[in-house]
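S.K.: Shown below is the structure under consideration.
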Amino acid sequence: MFRTPPPPPLPAGGDRHQIPDRRDRSEPGALTFGRDISHNLTDLLGIPVDPPVLVHGDDLSGTQVFGYDLTVAGLPARITVFPVRDPLLHTTLPGYSIELPGQRVPFDPDGYRDLDWQLATTLAAAVHTRTASAATQPDSAQPLPADGVVITDPAAFEARIAAALAEGPVRVDRPVTGDGDCAELCVIGADGVLFCLLYQPDSGQAWVRAVGEVGGPLAELTGAGCPGGGFRLTGDLPYRVHALLRGAHRGLRVVRGARTAFDEVGLP
């Protein structure tokens with residue numbers, strides 16, 4: 001084992017190739033390797049992880065560098081593969097680097113067997129740590145029942161949240177008053193489903209902690225993209241939540257008070 005240096009940047013304008021779900025008998029080993037990493041992540045985390053996008057090209061020195069771009073539990077991740085000179089063996093060996101947004105995940109291979117598994121276990125541990133800390137619930141959050149709403153399609157679920165924020169009436173339970181506060185709001189979508197959201201202003205993170213189907217109680221979320229206390233929002237949705245909590249989001253009527261305050265806007 002040797003210590004892997006920081007990776008070189010992937011060449012600008014490099015070729016990008018989406019690795020297919022199924023293996024072709026004649027495909028290059030780089031495609032199989034990337035798919036195996038995603039399959040291992042799916043097994044380790046219990047959520048679907050799509051095969052990565054393979055990015056490859058030559059850096060400024062003409063050295064071939066390639067990487068795998070994945071999305072794991074809503075987080076973009078990149079695994080870079082590049083040549084490293086081993087001063088002890090006087091030879092060049094492949095080096096591997098794992099990166100999450102704003103974080104280089106330490107990884108030094110323990111030999112060259114089962115590297116797809118080694119990379120997946122290291123990345124899975126980093127993602128679990130990252131998402132678990134982001135989804136910590138405040139002490140004042142109301143208890144949730146044991147039965148949960150199982151999410152199997154994170155993109156479709158997040159699209160429902162976006163539509164509810166853009167169209168539905170909301171109630172702000174605990175507006176933002178300081179950097180250390182965790183604000184809470186409820187929003188009802190066009191289909192009548194109630195979403196309970198939290199926003200952490202000091203970290204800029206927002207997530208859905210519970211869903212109330214029409215006529216039912218709030219239920220805890222489980223399944224894809226739901227580590228710890230809820231479903232982490234990505235993209236521009238945290239900013240929408242923040243604007244909403246400040247009462248500045250266009251087209252939405254902020255209703256303050258208890259849950260019965262929804263009656264004031266004609267909701268059941």
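S.K.: Give the number of residues within region 105-153 that are at pLDDT below 60, within 22 Å of I47 (Cβ to Cβ), of a type in the set (G, A, S) and open to solvent by 50 Å² or more (accessible area, probe 1.4 Å).
M.R.: Going through region 105-153 one residue at a time, the tally reaches 2.
S.K.: Taking R35, is it out of contact with any helix residue (DSSP H, G or I) (no Cβ under 8 Å at 6 or more places or on another chain), open to solvent by less than 50 Å² (accessible area, probe 1.4 Å) and of a type outside the set (A, V, I, L, M)? Full working, then the answer.
M.R.: Values: out of contact with any helix residue (DSSP H, G or I) (no Cβ under 8 Å at 6 or more places or on another chain): yes; open to solvent by less than 50 Å² (accessible area, probe 1.4 Å): yes; of a type outside the set (A, V, I, L, M): yes.
Answer is yes for this residue.
S.K.: Same structure again: In this structure, does F66 turn out to be of a type in the set (A, V, I, L, M, F, W, C), assigned to a strand (DSSP E or B) and open to solvent by 10 Å² or more (accessible area, probe 1.4 Å)?
M.R.: Working: of a type in the set (A, V, I, L, M, F, W, C): yes; assigned to a strand (DSSP E or B): yes; open to solvent by 10 Å² or more (accessible area, probe 1.4 Å): yes.
It is true that F66 is of a type in the set (A, V, I, L, M, F, W, C), assigned to a strand (DSSP E or B) and open to solvent by 10 Å² or more (accessible area, probe 1.4 Å).
S.K.: Can you find a residue that is modelled with pLDDT of 70 or more, assigned to a loop (DSSP other than H, G, I, E, B), open to solvent by 70 Å² or more (accessible area, probe 1.4 Å) and of a type in the set (D, E) anywhere in region 168-185? Walk me through it before giving the result.
M.R.: In the first step, residues of region 168-185 are kept if they are modelled with pLDDT of 70 or more; the result is 168-172, 183-185.
Filter again for assigned to a loop (DSSP other than H, G, I, E, B), leaving 168-169.
After this cut, where a residue has to be open to solvent by 70 Å² or more (accessible area, probe 1.4 Å) as well, the list is none.
For region 168-185, residues modelled with pLDDT of 70 or more, assigned to a loop (DSSP other than H, G, I, E, B), open to solvent by 70 Å² or more (accessible area, probe 1.4 Å) and of a type in the set (D, E): absent.
The values are calculated or read from the model by the stated rules, or taken from the named source; none is laboratory data. These numbers come from a predicted model, not from an experiment. Every residue, glycine among them, receives a Cβ derived from its backbone with ideal geometry; neighbour counts consider all protein chains shown. SASA here: full protein model, heavy atoms, side chains in, ligands and nucleic acids out. Shrake-Rupley method; radii C 1.70, N 1.55, O 1.52, S 1.80 Å.
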